[in-house]
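To start, the structure under review is shown below, and the notes come after it.
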Amino acid sequence: MNLEYLRTLVAVAEQGSMSAAARAKRISQPAVTKQVQRMEAEVGLALLVRGPKRQAELTPAGEHVVAFARETLARYEALERALATLKTMGPGVLTLAASTIPGEYVLPGLLAAFRAEYPQVKVEMTISDTADVATRLLAEEADMGMIGSTIRRPGLRTERLVGDEIVLVVPLDHAFANKGRVTAAELQGQPLILREEGSGTRRSVEAALADVGLGLQWDHVALVLGSTQAILQAVSQGLGLGFVSAWAAAQAQTDGHLACVGLEEVDLRRDLYLAYLPQRAGHPLVARFLDFARGRFGEVDE
């Protein structure tokens, strides 16, 4: 169908008459009538019922065509925006800063898909902790970031991208290994392995325990390590129990290196966030990546 004819039919439906649609589109009423008649001839059904005072109402067939028109026009406009972005974007460098979990387990797949669609764009990414990502963004050392917890910094905007859950990983020969869940009380006396301060994972664990009136027992902290992979290795070697993202634990559990356990009455679900400066969001390359990430994970996470 002709896109302009679809726009005309939508205008008639929204304005309530052909004359009002003609005024809205700044064309003549005979032109509106001719376009509607050509669509009716194409589908073989009446799309409008002309009422008193020259009002027009949609027939059942007209309702279907208008719904199709709105969806088609919306998708066409989105396509135009995407193509316009490509024209203005061209070759460029996108600089990302990510905390450990997004940087090591979420962004690689996203970046592979993005590069497949935009091969002219070079992507550079650094991985550190959430606090450092925020610092880099505010210093404009990165275009945008992805972090494992919200962080309050004036001028920094965060938005949820995808869900995550923190799990307790334990050695296969540990008493907890065959349990699906344990209580926080059962952690008493267990050697714990934690991420460093500033880590989004650690922030989330501390906040979740605090919500139920518990706190980490620091006399039971055996190790503080600077990466998730280091925690997974330490746990598999029997050095203690660690809290890590389910994204990170999945492969190690599948490979039979350790077991994952949940905590009773402690909600360790969390979100992973995009982080950026609002003034950078209008840059063509940054805007395209934001839209790409939202679209990809919005479908997965529904």
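The values are calculated or read from the model by the stated rules, or taken from the named source; none is laboratory data. Since this is a predicted model, take the numbers as computed values, not measurements. Cβ placement follows ideal geometry from the backbone for every residue including glycine, while neighbour counts extend to all protein chains displayed.
Things worth noting here:
- Where ARG294 falls short, out of the listed (1) at pLDDT below 85; (2) within 24 Å of the chain's Cα centre (by Cα): (1)
- Contact annotation: residue pairs with Cβ atoms under 7 Å, 6 or more positions apart or on different chains, pairing a residue in region 65-81 that is in a helix (DSSP H, G or I) with a partner that is of a type in the set (Lys, Arg), are LEU73/ARG7.
- Residues in region 250-273 that are within 21 Å of the chain's Cα centre (by Cα) and either surrounded by 22 or more Cβ atoms within 10 Å (Cβ to Cβ) or hydroxyl-bearing (Ser, Thr, Tyr) (or both): ARG270, LEU272, TYR273.
- Test for ASP291: is it surrounded by 13 or more Cβ atoms within 10 Å (Cβ to Cβ) and either of a type in the set (Ser, Thr, Tyr) or not in a helix (DSSP H, G or I) (or both): no
- Condition check for THR95: among the hydroxyl-bearing types (Ser, Thr, Tyr) and more than 30 Å from GLU4 (Cβ to Cβ): yes
- Every residue from region 159-186 that is part of a loop (DSSP other than H, G, I, E, B), of a type in the set (D, E, K, R) and in contact with a strand residue (DSSP E or B) (Cβ under 9 Å, 6 or more places away or on another chain): LYS179
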